[in-house]
Amino acid sequence: MPKISLKGSKMPSSPIRKLVPYAEAAKKRGTKVIHLNIGQPDIKTPRIALDAIKNSDIEVLAYSRTEGSEEYRGKIAKYYAKHHLKVEAEEIIVTTGGSEALSFAMGSILDEGDEVIIPEPFYANYNGFATANGVNVVPIVSKLEDNFSLPAISEFEKLISPKTKAILICNPGNPTGYLYNKEEIEQLTELVKKHNLFLIADEVYREFAYDGKQHYSLLGISGLEDYAIVIDSVSKRYSMCGARIGCLVSKNKEVIQTALKFAQARLSPPTLAQIASEAALDTPQSYFDDVIEEYVSRRDLLISELQKVEGVKVAQPSGAFYCVVELPVKDSDDFAQWLLEKFNVDNETVMVAPAAGFYASEGLGNNQIRIAYVLEKEQLKKAVHILSEGLKQYHNS
């Protein structure tokens, strides 16, 4: 029998989705599963985006331009202008989700065997994108007790080698919800300029900044134009995960020209989804005001309820809609599977994302989970109760 590739065998499984078979089995047994494991918001997609597809008079669903339609890229540039970020349409490549933008970025600036430094825990698929591109992830640990703030620059310096080509951050963070402040972004700016590295920022949660804090985009940092690559997406901003539309943004012309060649190999981003995404850019600010108010309310309730659970520690997120929770267990993978296979409260259980898959360092995150607070508050409160009761029985099982 022919063998699969070494690269294929090294591709990591998603910590978010690998428990799906156990969840499906639980549902078939008649157990309701409350999903805390995946960042699929229950917030309604703006009607203006859905109506744009519904009212489309397209007769031939043709390819779009490789870099995305001119109209859509122009409107994205205007969106950035509203956030006081000067971006030209020619500095944007529309992609099939933020995932493709990340893959294009890695393929454009990193050769096989090169290294990218990423503060961990980080979005689990960064490991997958790196593996697919033959790139080595060099993790730098951020800690729950520090609320997952940026590690000291001196620690970054220790990890930089001749193979280091880039630093990648997620701001606000998935899975931590941490929002980097101005000083931290400026420190990273000086670091990459000093060592002539690229700085990639996954900014798909830009809108979700709480407690009066401000999001600082790489696109607004003077002097960083040749170093900065920004990843963006409509998925979370407009609750349009299924549209699969994102973009890569850079003022570095060589980066854009190179990424465009990767984009040409997949022909074009989805045409209908671009129509919906273009329309979504006209969503009124009141939509975001309401959404942010709702997420803050959910976060506050979730953190409050978790802090009541004996042995549990939780970081305080200032953005996105995730938090990392430390549990009084040795193996959160086993605990998460046990919740789905062997436990319920009134025929209900919860599905969480074990956090080890959000780390690249072996052994870290084994007693942590990520929770996405994308459900209504009553569901979140019930979920924490189930989690609390589960911890009591798990220790006695």
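Screening region 344-363 for residues that are open to solvent by 10 Å² or more (accessible area, probe 1.4 Å) and in contact with a helix residue (DSSP H, G or I) (Cβ under 7 Å, 6 or more places away or on another chain) and picking the one that is nearest to GLY30 (Cα to Cα) gives GLU348.
Candidates in region 271-300 are the residues that are open to solvent by less than 50 Å² (accessible area, probe 1.4 Å) and in a loop (DSSP other than H, G, I, E, B); of these, the one that is nearest to LEU380 (Cα to Cα) is THR283. The set of residues from region 217-236 being under 19 Å from the mean Cα position of the chain (by Cα) and free of Cβ contacts under 8 Å to residues at least 40 places away in the same chain comprises LEU218, ALA228, VAL230.
Residues that are open to solvent by 20 Å² or more (accessible area, probe 1.4 Å), assigned to a loop (DSSP other than H, G, I, E, B) and out of contact with any helix residue (DSSP H, G or I) (no Cβ under 8 Å at 6 or more places or on another chain) within region 177-207 comprise TYR178, ASN181, ASN196, listed in sequence order. Would a scan of region 242-256 turn up a residue that is open to solvent by 40 Å² or more (accessible area, probe 1.4 Å), closer than 17 Å to GLU91 by Cα and not in a helix (DSSP H, G or I)? So far as region 242-256 goes, yes, one or more of its residues are open to solvent by 40 Å² or more (accessible area, probe 1.4 Å), closer than 17 Å to GLU91 by Cα and not in a helix (DSSP H, G or I). Does region 152-160 contain any residue that is at pLDDT 95 or above, part of a loop (DSSP other than H, G, I, E, B) and not aromatic (Phe, Trp, Tyr)? For region 152-160, residues at pLDDT 95 or above, part of a loop (DSSP other than H, G, I, E, B) and not aromatic (Phe, Trp, Tyr): present. Could you tell me whether region 382-394 includes any residue that is open to solvent by 40 Å² or more (accessible area, probe 1.4 Å) and closer than 30 Å to ASP211 by Cβ? Yes, that holds for at least one residue.
Of the residues contained in region 330-348, none is found to be within 17 Å of the chain's Cα centre (by Cα) and under 22 Å from ALA124 (Cβ atoms). Any idea how many residues of region 301-341 are open to solvent by 20 Å² or more (accessible area, probe 1.4 Å), assigned to a helix (DSSP H, G or I) and within 16 Å of TYR210 (Cβ to Cβ)? So the answer is 2.
Name the pairs whose Cβ atoms lie under 6 Å apart, with the first residue in region 134-150 and polar (S, T, N, Q), the second surrounded by 18 or more Cβ atoms within 10 Å (Cβ to Cβ), and 6 or more positions between them or separate chains? Qualifying pairs under 6 Å: ASN136/GLU115; SER142/PRO119; SER142/PHE148; SER142/PRO151; ASN147/ALA315.
Within region 261-270, track down each residue that is within 23 Å of the chain's Cα centre (by Cα) and assigned to a helix (DSSP H, G or I). Residues satisfying the conditions are PHE262, ALA263.
The values are calculated or read from the model by the stated rules, or taken from the named source; none is laboratory data. What you see is a predicted model; the values in this text were computed from it and never measured. In this analysis, Cβ positions are derived from the backbone assuming ideal geometry, glycine residues included, and neighbour counts consider all displayed protein chains. When the accessible area is computed, the model is the full protein with side chains, heavy atoms only, and any ligands, DNA or RNA have been set aside. Shrake-Rupley method; radii C 1.70, N 1.55, O 1.52, S 1.80 Å.
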